[in-house]
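Here's the structure we're looking at; comments come further down.
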Amino acid sequence: MNNLLSIHTVRFVVLILLQVLLFSNINFMGYINPYPYVLFIFLFPVKNNRMVFILISFLLGLFIDMFLDSGGIHAAAAVTIAFIRPAALKFSFGAVYDHQAVKFNNVDFGQRVTYISILTIIHHFILFSLEIFNFSKILLVLQNTLFSSIFTIILCLLISIIFSGSNKK
Amino acid sequence: MQQIVNFILRNKTFLLFALLLFISVILTIQSHSYHRSRFINSANFLSGGVYNTSNTVSDYFGLKEQNELLQEENNILKSILFNAEKNIDSSFIDSLNFKNHYKFTTARVHRNSYSKTNNILLLNKGKNDSIKQDFGVVSSKGIIGIIEKTNANNATVLSILNTTSSISAQLKKTNHFGSLKWDGLSPNNIQLSEIPKIAPVALGDTIVTSGRSSIFPKDIPVGIISNFKLDTAENYYEIEISLFNDMTNIEHVYIIENKDAKHIKNLLDKNE
């Protein structure tokens, strides 16, 4: 348990630092940035207390907001996907989730893609809606959501594959 | 009473979620209104420290370009200095003219963003260098933005690439003025509105700051007109300006303090 706690603390700090120092400065094609810090929310243990989980997600978003000067948009998006994560888990993993036996290291690849995609797209849509905050620019919101989501999903899959490999040793 | 407690206990997850979402939306709305108090900003001990550390490394990457920019500016200043000297009567010393209206402070940009709709820069000077809110920020090529928040060692700048800010600007050749806004699309272009129809607007004209606000002095370059059209009511021009500054590549900036700002504000308040 202690080991698990330290892994998640390290992951929390490392993902925030990577996000603010590296991934927010990519600006691919001028404006496309990935937000792979959401990986922390995806990989949080399923069995844990939901209240604690939502609170930690909020703190994660708030730290990102503090570094990126973005008000509360990351906090809002992070807390929302933390809240709806059980639904997404149920949708993508089905029966495995009902038995409370989801291990992210050994789930089917297709299921993992579905799970990450659903939450990423919802996260990014809320993020850009709040950032742009203008209903008449809904096309810009959708465009940003689409491009950044693709970028984030690919990065999240890569990172999770790389690190799940090393954990199996 | 017990039913209320039961209700809260049953829905505690949802209530916590709703509370946290509410807090973050409030913070978001605050960040969209100009100059409201912000609790979450990067001018604090923690994030300022992290950015300072990362900047000591990344400084070296742009060193060559920044040196060239500084040399170019030195060149311009030298030419002004040596050309002006001829006209000064050396026997006349104006001992009364001790008061400067503007005080300049150099600073470096530690974090720059240009891909969002509200872009904010982080500088390495703060309250310890007597930097306060509403000071102007310019680079050697032109206008950058306005200081928003400060802590001991860092300050955040509301960039001109920001949909909430508006800065007064005018045509260089006449005194018709309007306000600069950004539509959030391209970091190289900014929009100038409220220039009256009577003004002689032409492609390629230079736009400078108007000096009507107490933040920027007059005649700081902004950009050149790349496109213009009349608005729907056909009373004012909507002008597209391409900026002199490359907002994606800024390192050395100057912070301008207008020492008369307080008196000007006092005077204006009395008249209202």
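In peptide B:109-119, how many Cβ atoms from other protein chains are near each Cβ within 10 Å, on average? Before the final figure, lay out each step's value.
Values: counts 0, 0, 7, 1, 7, 3, 11, 11, 9, 6, 1.
Mean shielding count: 5.
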| note | In debye to the nearest 20, the charge dipole size for the protein assembly as shown, taken about the Cα centre with +1 at each Lys and Arg Cβ and -1 at each Asp and Glu Cβ, equals 1540 debye
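Please average, across the residues of B:4-16, the number of beta carbons from any other chain that are within 10 Å of each residue's own beta carbon, and give a whole number.
Rounded to a whole number, the mean comes out at 2.
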| request: Please report the relative contact order for region B:167-243, taking Cα pairs under 8 Å with a sequence separation of at least 6, and give it as a percent rounded to a whole number. | output: 31 percent
| task | Calculate how steeply helix B:12-32 sits against the longest principal axis of the alpha-carbon atoms of chain B, using the helix alpha-carbon long axis, and give the answer as 0 to 90 degrees to the nearest 10. | result | 10 degrees
| query | With labels modelled as points extended 7 Å from the Cα through the Cβ direction, what inter-label distance (nm, one decimal) is found for B:ARG108 paired with B:LEU46? | reply | 2.5 nm
| query | Arranged from highest to lowest average of other beta-carbon atoms within 10 Å per residue, in what order do the peptides B:249-262, A:35-48, B:145-158, B:65-78 appear? | reply | B:145-158, A:35-48, B:249-262, B:65-78
| query | Taking the Cα centre of chain B as the origin and placing charges on Cβ (Lys, Arg +1; Asp, Glu -1), which of B:GLY204, B:ILE225, B:ALA169 is farthest toward the positive end of the dipole? | reply | B:ALA169
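Compute, for chain A, the length of the dipole vector about the Cα centre, with Cβ point charges of +1 (Lys, Arg) and -1 (Asp, Glu) only. Units Debye, rounded to 20. Provide the component values of the computation, followed by the final result.
Working: 10 positive and 5 negative charges, 103 e Å.
Here chain A has a charge dipole of around 500 debye.
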| request: Compute the normalised compactness of region B:167-243: alpha-carbon radius of gyration over 2.2 N^0.38 Å, N being the residue count. | output: 0.99
| remark: Given the candidates B:ILE147, B:VAL5, B:THR56, the one whose Cα lies deepest towards the positive end of the charge dipole of chain B, counting +1 at each Lys or Arg C-beta and -1 at each Asp or Glu C-beta, is B:VAL5
| query | When the Karplus curve 6.51 cos²θ - 1.76 cosθ + 1.60 is applied with θ = phi - 60°, which whole-Hz ³J(HN,Hα) does each residue of region A:129-144 get, with x for Gly and Pro? | reply | 4, 6, 5, 7, 6, 8, 5, 6, 9, 4, 5, 4, 4, 5, 4, 4
| request: Any chance you could tell me what percent of the C-alpha pair distances in region A:1-127 go past 21 Å? | output: 40 percent
| At what distance in nm do the modelled label points of B:LYS12 and B:LYS197 sit from each other, each positioned 7 Å from its Cα along Cα→Cβ? | 6.7 nm
| message | Distance between the C-alpha centers of region B:204-272 and region B:119-171? Whole Å please. | response | 13 Å
| A:SER164 versus B:GLN71, label points 7 Å from Cα toward the beta carbon: distance in nm? | 5.4 nm
| Crossing angle, helix A:73-93 versus chain A [Cα axis fit, 0-90 degrees, rounded to tens] | 40 degrees
| query | How much length is gained on full extension from B:HIS252 to B:LYS132, taking 0.36 nm per residue of separation minus their Cα-Cα distance? | reply | 41.3 nm
| Which value, in debye to the nearest 20, describes the size of the charge dipole of chain B about its Cα centre when Lys and Arg Cβ atoms bear +1, Asp and Glu Cβ atoms bear -1, and nothing else is charged? | 960 debye
| remark: Highest GNM mean-square fluctuation among B:PHE228, B:PHE61, B:PHE244, for chain B with Cα springs under 10 Å, belongs to B:PHE61
| Positive-end residue, the protein assembly as shown charge dipole about Cα centroid, Cβ charges, pick of B:ILE241, B:ASN266, A:PHE147 | A:PHE147
| How many Cβ atoms of partner chains, on average, are near each residue of A:74-83 if near means within 10 Å of its Cβ? | 5
| field | Contour minus Cα-Cα distance for B:LYS270 and B:LYS78 (0.36 nm per residue) | value | 64.9 nm
| note | Rg from C-alpha atoms of region B:206-260, normalised by the globular rule of thumb 2.2 N^0.38 Å, equals 1.43
| query | Over chain B, what is the relative contact order in whole percent, taking alpha-carbon pairs under 8 Å and six or more residues apart? | reply | 17 percent
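For each of B:MET1, B:MET247, count neighbouring Cβ atoms within 10 Å of the residue's Cβ, then give the residues from fewest to most. Mind dumping the intermediate values first?
Details: B:MET1 5, B:MET247 22.
By the 10 Å Cβ count, ascending, the order reads B:MET1, B:MET247.
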| field | Radius ratio Rg over Rh of chain B, counting only Cα atoms, Kirkwood formula for Rh | value | 1.07
| field | Set of aspartates and glutamates with alpha-carbon distance to A:LYS47 below 19 Å, sequence-local pairs under 8 removed | value | A:ASP98
| message | Just to be sure I understand: with springs between alpha-carbon atoms less than 10 Å apart, which residue in B:PRO187, B:PRO200, B:PRO217 has the highest mean-square fluctuation in the Gaussian network model of chain B? | response | B:PRO200
| request: Return the single residue from B:LEU171, B:LEU203, B:LEU21 with maximal mean-square fluctuation; model: Gaussian network over chain B, springs between Cα atoms under 10 Å. | output: B:LEU21
| Using θ = phi - 60° and Karplus 6.51 cos²θ - 1.76 cosθ + 1.60, couplings along region B:64-75 (whole Hz; Gly, Pro as x) | 5, 4, 5, 4, 5, 4, 5, 5, 4, 5, 4, 4
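Starting from the Cα gyration tensor of the protein assembly as shown, multiply each eigenvalue by 5, take the square root, and state the resulting semi-axes largest first in whole Å. List each step's numbers first, then the result.
Numbers: eigenvalues 459, 112, 94 Å².
Each semi-axis is the square root of five times an eigenvalue, giving 48, 24, 22 Å.
No value in this document is a laboratory result; all are computed from the given coordinates. These numbers come from a predicted model, not from an experiment. As a convention, Cβ positions derive from the backbone with ideal geometry for all residues, glycine included, and neighbour counts pool all protein chains shown.
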